[in-house]
1. Quote the relative contact order of the chain in percent (integer), defining contacts as alpha-carbon pairs under 8 Å separated by 6+ residues.
2. From the phi angles alone, apply the Karplus equation (6.51, -1.76, 1.60; θ = phi - 60°) to segment 112-127 and give each ³J(HN,Hα) in whole Hz, x where the residue is Gly or Pro.
3. Which residues' amide hydrogens lie under 5 Å from the amide hydrogen of His56, considering only partners 5 or more residues apart or on another chain, with H built in the peptide plane?
4. For segment 19-28, what does the Karplus curve 6.51 cos²θ - 1.76 cosθ + 1.60, with θ = phi - 60°, yield as ³J(HN,Hα) per residue in whole Hz, taken in order and with x for Gly and Pro?
5. I'd like the Karplus ³J(HN,Hα) series for segment 10-15: coefficients 6.51, -1.76, 1.60, θ = phi - 60°, whole numbers in Hz, and an x wherever there's a Gly or Pro.
6. Percent of alpha carbon pairs in segment 52-129 separated by more than 17 Å?
7. For a protection proxy built on the mean count of beta-carbon atoms within 10 angstrom, sort 70-77, 35-42 highest first, please.
8. Go ahead and run the numbers for FRET between Arg4 and Lys77, Cβ-Cβ distance against an R0 of 35 Å, rounding to 0.05.
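Readers should treat all values here as calculations from the given coordinates under stated rules, not as data from a laboratory. Note that the structure is a prediction, hence the values are computed from the model and not measured. Please note: Cβ atoms are built from the backbone with ideal geometry, for glycine as well, and neighbour counts cover all protein chains shown.
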Amino acid sequence: MILRSIEAIKGTDREVFAKNRNWVSRRLLLKKDGLGFSFHETIVFAGTETHIWYKHHLEAVYCVEGEGEVETIADGKTYKIIPGTMYALNNHDEHYLRAQEDMRLLCVFNPAVTGKEVHLEDGSYPAAD
Ligand code: 9YT
């Protein structure tokens, strides 16, 4: 049994800021925890746009606070994200994530993120191995 709180993670190496400070990710579960996925709480800051393309991961994202949108680049579709909305990048979808307000997102990654990943130039995280 594992028990962790966001408050206890703040200021530790499980708290990761984007290089451009668009978001902060608090990693409740990582690969080393052994569950086969990682589980994060991410705050995406208001007024930001982030290019994301997880070529090596699948991600599901559930919004619990704030407001924003996802634009999938292949088809130009835009999806409103509000509390209670989930989106899943089941096709490694390249997209823009925009926040109109600070958004609090709960994110699951498969395979699990290993530690302090931040986006590479192409919007991906490196492959786990
Ligand atoms: C969906 C999203 O917020 N992506 C950026 C960061 C990512 N969630 C992470 O590493 O926790």
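1. Details: 318 pairs, mean separation 40.0, N = 129.
Relative contact order comes out at 31 percent.
2. 4, 5, 8, x, 9, 3, 10, 5, 6, 3, 8, x, 9, 9, x, 4
3. Tyr125
4. 4, 8, 6, 5, 8, 10, 10, 10, 9, 5
5. Here the 3J(HN,Hα) series is 4, x, 9, 6, 7, 9 Hz.
6. Counting every Cα pair in segment 52-129, those more than 17 Å apart make up 45 percent.
7. 35-42, 70-77
8. 0.45
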